[in-house]
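One structure below.
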Amino acid sequence: MVESCFGLISGGFLGFLLGTYLNTWWNTTFGVSALVGSLVCGLLYSLITVFALRHIAQRKYIFSQPSETASKYDNPPNHKTWLDNVITLFPLLVIMGGWWWVLPPVPPSGLPPIVKPLIFLGIFYPYQYFAIFIHELGHYLFSWVNGSELYRFAIGRLILIQTDQGFKLRRCRRQLAGGFAEPIPTSLHRLDRQLFLMIMGGPAASLLLFCFGALPVLFPNLTNSSPIVWYLTFISGISLHMAIFNTIPIKIGYFSTDGRRMLDLAKRNIPGQRFLADYQFNAYLRQGIRPKDIDPDLKNRLLALPENSMDHISGLIMAYYMTLDQGNIQQAGNYLDQALKINAYYPELFRASLLLEGAYYEAHIRQHPDVAQQWLDQIQEKVLIDPSTRLRAEAAIHLAAGDKTSAQTKAEESLAILQKPQFLPGFTVFEQDRLQVLLHDLATP
């Protein structure tokens, strides 16, 4: 009721002002002015009422899921998002303000003042995503030059994924950062140099995009005569901000900036060596080397810095794969338990792989199908779930629950999927062995 009254009052006030403005300054008839004013009033009233009803519906039907956040962005627990916004917006305002000062005044357009902000926003939002795309494309192209292959590529909530059927475009439940590119190296030769160049590619591409967008400054007649050209030139400052901000060595949300990654690699410190080991692990899998045959020193570097972070959880998962594939079941469980304990610090987009392993281990190794099902039920984001891994976990749960028929069906479906060429053949061998163990246990009375 309060929201509806507020919508009616504010909509009526705005509609009255707009109608008066049109009648006084644009010499429109009273009827047209009243019509436009009433339409604006009705639109604003409807929008506020709809949002109010949506809020009421959420309070009524969604309160049973307290762990579900209303934010469309994925952030770590207890994360101060407002601080990230301040850290991001302050340099943006400084850069855009300086760029405004450098550019000539906005040329007159003859359009109503109310239309100009709409034109600006119509250019701003598409350019923002285009700038992110160019930044991430820079990461990929600099890695591609060194022989890396694209595994995943995300912009906003859209993600391009390499599957056994080629690339698939999917939509995430929530947005993780502005975007990211995840190439997999095919060679370990001077991998630290490859990664440094890959990371540098993002800011370099953003800087090049800014230089291209700033070209009209060299032709004053363009910026002095066309408001559209002026807006495009001004908005190109966003790319300059992306180039500068991403080279500052800090951490935002789950991720470290490009500058921090490059600094860690250059200093060869523990975070840098861990980052290098992460890519080495995936490069080995891409080459067809299974986890148990990977250099054991890699595990020490992956686990050298215990902390509540995405990088440490990734290291624990890789250590789990290596030790489980070596037959060290107990130690693998220890690594998995550590990762599951802090799984909230792993991005929701990647968390499913960890929860699936938790479900598999609890069911097949510890014979706790109820606990395994609880891990399975916690999965929220499913776009990156590997079908063979999901079927392996489900087969283990059915086997632990005594349903051998369903377990065998799931295991055989998973093996059938793995007969097709996979992007990480080393991991495929690991999966096939786990499934063969499941089928062996099925045949055991």
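The values are calculated or read from the model by the stated rules, or taken from the named source; none is laboratory data. Just so you know, these numbers come straight off a predicted model, no measurement behind them. Positions of Cβ are generated from backbone atoms using ideal geometry, with glycine treated the same way; all protein chains shown enter the neighbour counts.
Observations on the model:
- Some residue of the stretch 181-192 being touching a Phe, Trp or Tyr at 6+ places or on another chain (Cβ under 8 Å) and in a helix (DSSP H, G or I): yes
- Checked against the criterion of being within 24 Å of the chain's Cα centre (by Cα), surrounded by 16 or more Cβ atoms within 10 Å (Cβ to Cβ) and not in a helix (DSSP H, G or I), the candidates Y127, Y151 yield just one match: Y151.
- N282 vs. criteria modelled with pLDDT of 95 or more and surrounded by fewer than 17 Cβ atoms within 10 Å (Cβ to Cβ): no
- Which numbered condition I289 fails, given (1) surrounded by 15 or more Cβ atoms within 10 Å (Cβ to Cβ); (2) more than 25 Å from the chain's Cα centre (by Cα); (3) not in a loop (DSSP other than H, G, I, E, B): (3)
- Residue among L316, L355 that is outside the structural domain of R434 (by TED's automatic domain parsing) and assigned to a helix (DSSP H, G or I): L316
- Considering (1) in contact with a Phe, Trp or Tyr (Cβ under 9 Å, 6 or more places away or on another chain); (2) over 30 Å from P203 (Cβ atoms); (3) not hydroxyl-bearing (S, T, Y), the lone condition that Q326 does not fulfil carries the number (1).
- Residue in the stretch 357-369 that is under 20 Å from F427 (Cβ atoms) and in contact with a strand residue (DSSP E or B) (Cβ under 9 Å, 6 or more places away or on another chain) present: no
- Unique residue being out of contact with any Gly (no Cβ under 9 Å at 6 or more places or on another chain) and of a type outside the set (V, I, T) when the list is F245, F210, F196: F196
- Residue match in the stretch 336-345 (condition: at pLDDT 95 or above and on the phi > 0 side of the Ramachandran plot): no
- Looking across the stretch 377-416, the residues that are assigned to a helix (DSSP H, G or I), surrounded by 17 or more Cβ atoms within 10 Å (Cβ to Cβ) and either modelled with pLDDT under 95 or of a type in the set (S, T, N, Q) (or both) come down to S388, T389, Q408, S414.
- Under the condition of being surrounded by fewer than 21 Cβ atoms within 10 Å (Cβ to Cβ) and under 18 Å from A177 (Cβ atoms), the residues counted in the stretch 201-245 number 1.
- Verdict on A332 being buried (at least 22 other Cβ atoms within 10 Å of the Cβ), out of contact with any His (no Cβ under 9 Å at 6 or more places or on another chain) and small (G, A, S): no
- Enumeration of residues in the stretch 324-334 that are in a helix (DSSP H, G or I) and in contact (Cβ under 8 Å) with a residue 24 or more places away in the chain: L324, D325, I329, A332, G333
- Residue count, the stretch 335-356 (criterion: surrounded by 15 or more Cβ atoms within 10 Å (Cβ to Cβ), more than 17 Å from the chain's Cα centre (by Cα) and more than 17 Å from E431 (Cα to Cα)): 5
- Test: I114 is in the same structural domain as G178 (by TED's automatic domain parsing) and under 34 Å from the mean Cα position of the chain (by Cα): no
- Filter result for L240 (within 21 Å of Y125 (Cβ to Cβ), of a type in the set (A, V, I, L, M) and either in contact with a helix residue (DSSP H, G or I) (Cβ under 8 Å, 6 or more places away or on another chain) or touching a residue at least 24 places away in the same chain (Cβ under 8 Å) (or both)): yes
Each row is one residue, and each column tells you yes or no for (1) in contact with a Leu (Cβ under 7 Å, 6 or more places away or on another chain); (2) modelled with pLDDT of 95 or more; (3) not basic (K, R).
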| position | (1), (2), (3) |
| --- | --- |
| I252 | no, no, yes |
| M262 | no, yes, yes |
| A277 | yes, yes, yes |
| R286 | yes, yes, no |
